[in-house]
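Participant: Encoded as C-alpha coordinates, here's the structure I'll be asking about.
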Amino acid sequence: TGKSVPYLDALFTATTSVCVTGLVTLPTVSTWSLFGQIVILVLIQIGGLGFIAIVSGLMILLTRRMGIAHKLLIQDAFNLNTMEGLSKFIRNVLLGTLFIEALGAALCMTVFVPQFGTRGIWISVFHSISAFCNAGIDIFAENSLCDYATNPIINTVTSALIILGGIGYIVWWDVLRVVRSGAIKKGHFWCHLTLHSKIAIAASAILIFGGGLLILLCEFNNPATIGDMSFFDKIQVSFFQSVTTRTAGFASVPQENLRDTTSVISMAMMLVGGSPVGTAGGIKTVTLAVLIASAISTVKGKSEVGM
(Lines give C-alpha, C1' and ligand atoms only; values in the text may rest on other atoms or scores of the structure.)
Protein backbone atom coordinates (compact mmCIF):
# COMPACT_ATOMS: atom_id res chain seq x y z
CA THR A 1 0.00 0.00 0.00
CA GLY A 2 3.03 2.30 0.10
CA LYS A 3 2.96 2.62 3.88
CA SER A 4 6.13 1.89 5.80
CA VAL A 5 6.33 -1.08 8.17
CA PRO A 6 7.29 -0.29 11.80
CA TYR A 7 10.88 -1.29 12.48
CA LEU A 8 9.88 -3.55 15.38
CA ASP A 9 7.65 -5.59 13.05
CA ALA A 10 10.45 -5.79 10.48
CA LEU A 11 12.87 -6.92 13.20
CA PHE A 12 10.38 -9.55 14.42
CA THR A 13 9.86 -10.81 10.86
CA ALA A 14 13.62 -11.10 10.28
CA THR A 15 14.02 -12.96 13.57
CA THR A 16 11.15 -15.39 12.99
CA SER A 17 12.46 -16.07 9.47
CA VAL A 18 16.00 -16.94 10.59
CA CYS A 19 14.73 -18.95 13.56
CA VAL A 20 12.07 -20.62 11.31
CA THR A 21 9.35 -20.30 13.94
CA GLY A 22 6.39 -19.45 11.67
CA LEU A 23 5.17 -16.66 13.96
CA VAL A 24 4.33 -13.33 12.29
CA THR A 25 2.99 -10.00 13.52
CA LEU A 26 1.87 -8.93 10.05
CA PRO A 27 0.33 -11.00 7.20
CA THR A 28 3.22 -11.96 4.94
CA VAL A 29 1.17 -12.11 1.74
CA SER A 30 -0.37 -8.64 2.04
CA THR A 31 2.38 -6.72 3.87
CA TRP A 32 5.63 -7.33 2.05
CA SER A 33 6.64 -6.43 -1.48
CA LEU A 34 8.46 -8.88 -3.74
CA PHE A 35 11.78 -7.58 -2.42
CA GLY A 36 10.62 -8.11 1.16
CA GLN A 37 9.47 -11.64 0.37
CA ILE A 38 12.85 -12.44 -1.22
CA VAL A 39 14.65 -11.21 1.90
CA ILE A 40 12.37 -13.33 4.09
CA LEU A 41 12.96 -16.40 1.91
CA VAL A 42 16.75 -15.97 2.01
CA LEU A 43 16.62 -15.68 5.80
CA ILE A 44 14.45 -18.81 5.99
CA GLN A 45 16.93 -20.74 3.85
CA ILE A 46 19.86 -19.60 6.00
CA GLY A 47 17.99 -20.47 9.18
CA GLY A 48 16.94 -23.88 7.88
CA LEU A 49 20.33 -24.98 6.60
CA GLY A 50 22.29 -23.23 9.36
CA PHE A 51 25.00 -20.61 9.20
CA ILE A 52 27.79 -23.18 9.38
CA ALA A 53 26.49 -25.12 6.38
CA ILE A 54 26.04 -21.91 4.36
CA VAL A 55 29.51 -20.56 5.17
CA SER A 56 31.10 -23.95 4.54
CA GLY A 57 29.31 -24.20 1.21
CA LEU A 58 30.59 -20.77 0.20
CA MET A 59 34.13 -21.78 1.14
CA ILE A 60 33.86 -24.91 -0.98
CA LEU A 61 32.41 -22.85 -3.84
CA LEU A 62 35.33 -20.44 -3.61
CA THR A 63 37.73 -23.43 -3.43
CA ARG A 64 39.14 -22.25 -0.12
CA ARG A 65 40.67 -24.94 2.08
CA MET A 66 39.08 -25.54 5.46
CA GLY A 67 41.34 -25.43 8.48
CA ILE A 68 41.25 -27.92 11.35
CA ALA A 69 39.26 -25.48 13.52
CA HIS A 70 36.60 -25.10 10.83
CA LYS A 71 36.43 -28.87 10.33
CA LEU A 72 35.95 -29.40 14.05
CA LEU A 73 33.17 -26.82 14.02
CA ILE A 74 31.37 -28.62 11.17
CA GLN A 75 31.86 -31.99 12.84
CA ASP A 76 30.31 -30.70 16.04
CA ALA A 77 27.46 -28.86 14.30
CA PHE A 78 26.39 -31.93 12.30
CA ASN A 79 27.14 -34.45 15.05
CA LEU A 80 29.54 -36.42 12.83
CA ASN A 81 31.87 -39.14 14.09
CA THR A 82 34.76 -38.28 11.80
CA MET A 83 36.25 -35.32 9.97
CA GLU A 84 36.81 -37.34 6.80
CA GLY A 85 34.83 -36.27 3.76
CA LEU A 86 33.44 -33.09 5.31
CA SER A 87 33.57 -31.18 2.02
CA LYS A 88 31.63 -33.94 0.29
CA PHE A 89 29.13 -34.04 3.14
CA ILE A 90 28.46 -30.28 2.99
CA ARG A 91 28.22 -30.43 -0.81
CA ASN A 92 25.69 -33.27 -0.60
CA VAL A 93 23.65 -31.40 2.00
CA LEU A 94 23.41 -28.29 -0.18
CA LEU A 95 22.73 -30.18 -3.43
CA GLY A 96 20.25 -32.51 -1.74
CA THR A 97 18.40 -29.55 -0.24
CA LEU A 98 18.21 -27.74 -3.57
CA PHE A 99 16.98 -30.89 -5.34
CA ILE A 100 14.20 -31.60 -2.84
CA GLU A 101 13.11 -27.96 -2.73
CA ALA A 102 13.07 -27.78 -6.53
CA LEU A 103 11.04 -30.99 -6.76
CA GLY A 104 8.61 -29.72 -4.13
CA ALA A 105 8.22 -26.42 -5.97
CA ALA A 106 7.54 -28.21 -9.26
CA LEU A 107 4.79 -30.30 -7.66
CA CYS A 108 3.24 -27.25 -5.97
CA MET A 109 3.14 -25.50 -9.35
CA THR A 110 0.54 -28.01 -10.53
CA VAL A 111 -1.85 -26.37 -8.06
CA PHE A 112 -0.66 -22.78 -7.72
CA VAL A 113 0.09 -21.94 -11.38
CA PRO A 114 -3.45 -22.75 -12.61
CA GLN A 115 -4.82 -20.66 -9.73
CA PHE A 116 -2.41 -17.71 -9.64
CA GLY A 117 -0.90 -17.75 -13.13
CA THR A 118 2.82 -16.95 -13.45
CA ARG A 119 2.85 -15.68 -9.85
CA GLY A 120 2.15 -19.27 -8.87
CA ILE A 121 5.78 -20.11 -9.77
CA TRP A 122 7.11 -17.74 -7.11
CA ILE A 123 4.50 -18.90 -4.61
CA SER A 124 5.49 -22.53 -5.23
CA VAL A 125 9.20 -21.82 -4.76
CA PHE A 126 8.55 -19.85 -1.57
CA HIS A 127 6.22 -22.50 -0.16
CA SER A 128 8.59 -25.36 -0.96
CA ILE A 129 11.57 -23.73 0.76
CA SER A 130 9.45 -22.60 3.71
CA ALA A 131 8.03 -26.11 4.16
CA PHE A 132 11.39 -27.87 3.85
CA CYS A 133 12.99 -25.46 6.32
CA ASN A 134 10.00 -25.94 8.65
CA ALA A 135 9.37 -22.19 8.68
CA GLY A 136 5.58 -22.21 8.31
CA ILE A 137 5.46 -18.87 6.46
CA ASP A 138 3.44 -18.57 3.24
CA ILE A 139 2.56 -15.90 0.68
CA PHE A 140 -0.73 -17.09 -0.81
CA ALA A 141 -3.28 -16.43 1.95
CA GLU A 142 -3.70 -14.86 5.38
CA ASN A 143 -5.18 -18.06 6.81
CA SER A 144 -2.21 -20.29 6.02
CA LEU A 145 -3.29 -23.54 4.26
CA CYS A 146 -6.93 -23.50 5.39
CA ASP A 147 -8.10 -22.99 1.80
CA TYR A 148 -6.18 -26.14 0.77
CA ALA A 149 -7.15 -28.32 3.74
CA THR A 150 -8.62 -31.04 1.51
CA ASN A 151 -6.22 -30.70 -1.42
CA PRO A 152 -4.30 -34.02 -1.51
CA ILE A 153 -1.40 -32.63 -3.57
CA ILE A 154 -0.66 -29.70 -1.25
CA ASN A 155 -1.19 -31.89 1.82
CA THR A 156 1.12 -34.64 0.58
CA VAL A 157 3.87 -32.43 -0.85
CA THR A 158 3.95 -30.08 2.15
CA SER A 159 3.98 -32.98 4.62
CA ALA A 160 6.78 -34.72 2.70
CA LEU A 161 8.89 -31.55 2.65
CA ILE A 162 8.37 -30.96 6.37
CA ILE A 163 9.27 -34.57 7.22
CA LEU A 164 12.35 -34.66 4.96
CA GLY A 165 13.60 -31.40 6.43
CA GLY A 166 12.92 -32.44 10.00
CA ILE A 167 14.26 -36.01 9.85
CA GLY A 168 17.88 -34.83 9.51
CA TYR A 169 20.57 -35.07 6.85
CA ILE A 170 22.40 -37.93 8.57
CA VAL A 171 19.32 -40.13 8.15
CA TRP A 172 19.16 -39.21 4.46
CA TRP A 173 22.64 -40.49 3.70
CA ASP A 174 22.27 -43.53 5.91
CA VAL A 175 19.08 -44.58 4.09
CA LEU A 176 20.75 -43.99 0.71
CA ARG A 177 23.76 -46.04 1.85
CA VAL A 178 21.55 -48.99 2.75
CA VAL A 179 19.54 -48.69 -0.47
CA ARG A 180 22.72 -48.70 -2.58
CA SER A 181 24.02 -51.74 -0.71
CA GLY A 182 21.06 -53.77 -1.95
CA ALA A 183 19.85 -54.61 1.55
CA ILE A 184 16.25 -53.78 0.57
CA LYS A 185 16.17 -56.59 -1.99
CA LYS A 186 17.36 -59.00 0.68
CA GLY A 187 14.75 -57.80 3.16
CA HIS A 188 17.34 -56.53 5.63
CA PHE A 189 16.86 -52.78 5.19
CA TRP A 190 16.08 -51.97 8.84
CA CYS A 191 18.92 -54.12 10.20
CA HIS A 192 21.57 -52.24 8.21
CA LEU A 193 20.55 -48.77 9.40
CA THR A 194 22.57 -47.08 12.14
CA LEU A 195 21.08 -46.80 15.62
CA HIS A 196 20.62 -43.05 15.13
CA SER A 197 18.56 -43.55 11.97
CA LYS A 198 16.46 -46.30 13.55
CA ILE A 199 15.58 -44.09 16.52
CA ALA A 200 14.90 -41.01 14.37
CA ILE A 201 12.68 -42.87 11.88
CA ALA A 202 10.82 -44.93 14.49
CA ALA A 203 10.22 -41.98 16.83
CA SER A 204 9.07 -39.76 13.95
CA ALA A 205 6.68 -42.42 12.65
CA ILE A 206 5.18 -43.02 16.10
CA LEU A 207 4.70 -39.30 16.72
CA ILE A 208 3.25 -38.56 13.28
CA PHE A 209 0.84 -41.49 12.99
CA GLY A 210 0.08 -41.70 16.69
CA GLY A 211 -0.50 -37.96 16.90
CA GLY A 212 -2.61 -38.02 13.76
CA LEU A 213 -4.81 -40.77 15.20
CA LEU A 214 -5.30 -38.88 18.47
CA ILE A 215 -6.15 -35.67 16.62
CA LEU A 216 -8.61 -37.55 14.39
CA LEU A 217 -10.37 -39.02 17.42
CA CYS A 218 -10.47 -35.72 19.32
CA GLU A 219 -11.69 -33.61 16.39
CA PHE A 220 -13.85 -36.19 14.62
CA ASN A 221 -17.16 -34.54 15.53
CA ASN A 222 -15.93 -30.95 15.86
CA PRO A 223 -17.86 -28.94 13.20
CA ALA A 224 -15.44 -26.01 13.58
CA THR A 225 -12.53 -28.09 12.27
CA ILE A 226 -13.05 -31.47 10.54
CA GLY A 227 -16.49 -32.53 11.77
CA ASP A 228 -18.28 -31.79 8.46
CA MET A 229 -15.59 -33.30 6.20
CA SER A 230 -15.63 -36.69 4.51
CA PHE A 231 -13.80 -39.52 6.29
CA PHE A 232 -10.88 -39.35 3.84
CA ASP A 233 -10.53 -35.59 4.32
CA LYS A 234 -10.68 -36.02 8.09
CA ILE A 235 -7.77 -38.44 7.86
CA GLN A 236 -5.58 -36.25 5.65
CA VAL A 237 -6.28 -33.08 7.66
CA SER A 238 -5.53 -34.89 10.95
CA PHE A 239 -2.33 -36.33 9.49
CA PHE A 240 -1.26 -32.90 8.25
CA GLN A 241 -2.01 -31.34 11.64
CA SER A 242 0.17 -33.99 13.26
CA VAL A 243 3.05 -33.30 10.87
CA THR A 244 2.92 -29.51 10.96
CA THR A 245 2.55 -29.11 14.73
CA ARG A 246 5.75 -31.02 15.37
CA THR A 247 8.03 -28.71 13.45
CA ALA A 248 6.54 -26.43 10.82
CA GLY A 249 3.75 -24.05 11.80
CA PHE A 250 1.40 -24.24 8.84
CA ALA A 251 -2.30 -24.68 9.57
CA SER A 252 -5.00 -26.32 7.46
CA VAL A 253 -7.74 -25.74 10.06
CA PRO A 254 -8.26 -22.71 12.32
CA GLN A 255 -6.12 -23.45 15.37
CA GLU A 256 -8.34 -21.40 17.67
CA ASN A 257 -11.19 -23.85 16.94
CA LEU A 258 -9.30 -26.92 18.15
CA ARG A 259 -10.61 -28.63 21.24
CA ASP A 260 -8.54 -28.26 24.40
CA THR A 261 -7.47 -31.89 24.28
CA THR A 262 -6.17 -31.46 20.73
CA SER A 263 -4.32 -28.31 21.75
CA VAL A 264 -2.56 -30.19 24.54
CA ILE A 265 -1.60 -32.96 22.10
CA SER A 266 -0.30 -30.36 19.65
CA MET A 267 1.78 -28.65 22.34
CA ALA A 268 3.35 -31.95 23.36
CA MET A 269 4.30 -32.70 19.76
CA MET A 270 5.70 -29.19 19.27
CA LEU A 271 7.86 -29.70 22.36
CA VAL A 272 9.46 -32.80 20.84
CA GLY A 273 9.92 -31.35 17.36
CA GLY A 274 12.13 -32.97 14.73
CA SER A 275 15.35 -35.00 14.64
CA PRO A 276 18.98 -33.92 15.13
CA VAL A 277 20.88 -32.26 12.26
CA GLY A 278 17.67 -31.29 10.50
CA THR A 279 15.79 -28.07 9.88
CA ALA A 280 13.31 -28.53 12.74
CA GLY A 281 13.35 -27.38 16.34
CA GLY A 282 12.22 -28.97 19.60
CA ILE A 283 14.08 -31.20 22.05
CA LYS A 284 14.54 -33.74 19.19
CA THR A 285 13.13 -37.23 18.71
CA VAL A 286 16.41 -38.98 19.57
CA THR A 287 16.65 -37.06 22.85
CA LEU A 288 13.12 -38.13 23.77
CA ALA A 289 13.84 -41.76 22.89
CA VAL A 290 17.03 -41.78 25.00
CA LEU A 291 15.19 -40.22 27.96
CA ILE A 292 12.44 -42.86 27.76
CA ALA A 293 14.99 -45.66 27.41
CA SER A 294 16.95 -44.29 30.38
CA ALA A 295 13.79 -44.16 32.50
CA ILE A 296 12.86 -47.74 31.57
CA SER A 297 16.39 -48.97 32.35
CA THR A 298 16.29 -47.23 35.73
CA VAL A 299 12.94 -48.78 36.59
CA LYS A 300 14.25 -52.23 35.64
CA GLY A 301 17.38 -51.67 37.73
CA LYS A 302 19.78 -51.87 34.79
CA SER A 303 23.13 -50.09 34.96
CA GLU A 304 23.22 -49.42 31.20
CA VAL A 305 20.70 -48.07 28.74
CA GLY A 306 19.57 -50.41 25.97
CA MET A 307 17.46 -49.61 22.91
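Participant: Given the conditions (1) of a type in the set (Lys, Arg); (2) modelled with pLDDT of 90 or more; (3) in contact with a His (Cβ under 9 Å, 6 or more places away or on another chain), and given that Arg177 satisfies all but one, which numbered condition is not satisfied?
Facilitator: (2)
Participant: Report whether or not Ile154 is over 21 Å from Ser275 (Cα atoms), open to solvent by less than 10 Å² (accessible area, probe 1.4 Å), touching a Ser or Thr at 6+ places or on another chain (Cβ under 9 Å) and assigned to a loop (DSSP other than H, G, I, E, B).
Facilitator: It is false that Ile154 is over 21 Å from Ser275 (Cα atoms), open to solvent by less than 10 Å² (accessible area, probe 1.4 Å), touching a Ser or Thr at 6+ places or on another chain (Cβ under 9 Å) and assigned to a loop (DSSP other than H, G, I, E, B).
Participant: Which helices (runs of 4 or more DSSP H) sit wholly inside the stretch 17-114 and have at least 3 residues that are closer than 30 Å to Ala141 by Cα, acidic (Asp, Glu) and at pLDDT below 85?
Facilitator: Passing ranges: none, list empty.
Participant: Quickly run through the stretch 1-11 and pick out the residues that are crowded, with 16+ Cβ neighbours inside 10 Å and either among the β-branched types (Val, Ile, Thr) or in contact with a Ser or Thr (Cβ under 7 Å, 6 or more places away or on another chain) (or both).
Facilitator: Of everything in the stretch 1-11, nothing turns out to be crowded, with 16+ Cβ neighbours inside 10 Å and either among the β-branched types (Val, Ile, Thr) or in contact with a Ser or Thr (Cβ under 7 Å, 6 or more places away or on another chain) (or both).
Participant: For the stretch 232-255, check the following and say yes or no: at least one residue is modelled with pLDDT under 95, more than 19 Å from Ser159 (Cα to Cα) and not small (Gly, Ala, Ser).
Facilitator: No: zero hits.
The values are calculated or read from the model by the stated rules, or taken from the named source; none is laboratory data. Remember, it's a predicted structure, so these values are computed and weren't measured experimentally. Cβ: placed from backbone, ideal geometry, glycine included. Neighbour counts: every protein chain shown. Surface accessibility is based on the protein's heavy atoms, side chains included, excluding ligands, DNA and RNA. Shrake-Rupley method; radii C 1.70, N 1.55, O 1.52, S 1.80 Å.
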